[in-house]
1. Got at least one residue in region 272-284 being assigned to a loop (DSSP other than H, G, I, E, B), within 25 Å of residue 192 (Cβ to Cβ) and modelled with pLDDT under 90?
2. What about residue 158, is it touching a residue at least 12 places away in the same chain (Cβ under 8 Å) and touching a helix residue (DSSP H, G or I) at 6+ places or on another chain (Cβ under 6 Å)?
3. Pairs needed: first member in region 169-183, closer than 14 Å to residue 129 by Cα; second member anywhere, part of a helix (DSSP H, G or I); C-beta distance under 7 Å; at least 6 residues apart or different chains.
4. So residue 249 passes all but one of these: (1) assigned to a strand (DSSP E or B); (2) surrounded by fewer than 16 Cβ atoms within 10 Å (Cβ to Cβ); (3) on the phi > 0 side of the Ramachandran plot. Which condition number does it fail?
5. For the list (1) at negative phi; (2) out of contact with any helix residue (DSSP H, G or I) (no Cβ under 6 Å at 6 or more places or on another chain), I need the number of the one condition that residue 241 fails.
6. What is the number of the single condition among (1) modelled with pLDDT of 90 or more; (2) over 28 Å from residue 191 (Cβ atoms); (3) part of a loop (DSSP other than H, G, I, E, B); (4) in contact with a strand residue (DSSP E or B) (Cβ under 8 Å, 6 or more places away or on another chain) that residue 308 does not meet?
7. So residue 202 passes all but one of these: (1) crowded, with 21+ Cβ neighbours inside 10 Å; (2) in contact (Cβ under 8 Å) with a residue 60 or more places away in the chain; (3) not in a strand (DSSP E or B). Which condition number does it fail?
8. Return the total of residues in region 111-142 being closer than 18 Å to residue 80 by Cβ and out of contact with any strand residue (DSSP E or B) (no Cβ under 8 Å at 6 or more places or on another chain).
């Protein structure tokens, strides 16, 4: 997939990008609402703001907007939409001008097109993802101090999205053109970019860019206040004999320094539970550059990563609900023995000159 640099087009059209505040919400297409409700409400403890026969609207304990996650019934699992909140309703107008100016599919949607969300703009971004920009949203009760309702693994807020793209460097240009800062990257000595973490709020990221067949959603991440809340989720899954929902972790990332746990929901969508990253709010916040050869980037403790974490992702719908075709990276194999590029680049074992193939679920 070739992505043009939208910053050059924006300069010629004179339309500045919208002022994005943060990642706002995601919509996942799920095949069984009851099973999904068990996972997100009974297990993870998200709060139900509203629900009907076709959708469930969820938020975390510190959130006061109507929702940060929508589960919508469908025939096959997919990403329905990512959404960013902008600084004011005038910035919804700015988003419409900007994206029309760079020639992407742009649609104005009325208030209530998504329950609880005001008038918004939806686009198919240059990377192939369905994205909404909104400001107005219905307010609801913030449960920060409703400790009587908190589970032992209480989730505080939506933190970030991670998307899989064939050309990370081009996607990096697109997001920096939107005004996103860059906290960390994974690179090699030939200026190849394997992954990047970009932010608008004052944390490590609102979106991460991961190499691979795309467009696909790698994961949605929710934050907790403390590590023990993540460990409690693992204990609950073990007690219920549902430990198969744990894909990776718990552990600590090198990139972002975050303590993490990756789960797969009943439809296979990947959810990260995440805590203890760092502040990025100063204007001269430095970008941390990790070598693709430094295995600590994935796990600061040196743990192996299951191949599914690199290979699996959720397919993506376009603005009309159709599955978006995939494009593959132009280069899959690095110029070094035994290294195959996937996500942030990963090494697999070799026998002489023979690369050992891996199967889903096996340890690298």
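1. Checked against the condition, which is being assigned to a loop (DSSP other than H, G, I, E, B), within 25 Å of residue 192 (Cβ to Cβ) and modelled with pLDDT under 90, region 272-284 yields no hits at all.
2. no
3. 174/6
4. For residue 249, the exception is condition (2).
5. (1)
6. The number of the failed condition is (3).
7. (1)
8. 1
The values are calculated or read from the model by the stated rules, or taken from the named source; none is laboratory data. A quick note: this is a predicted structure, and the numbers were derived from the prediction, not measured. FYI the Cβ positions are ideal-geometry reconstructions off the backbone, even for glycines, and counts take in every protein chain you see.
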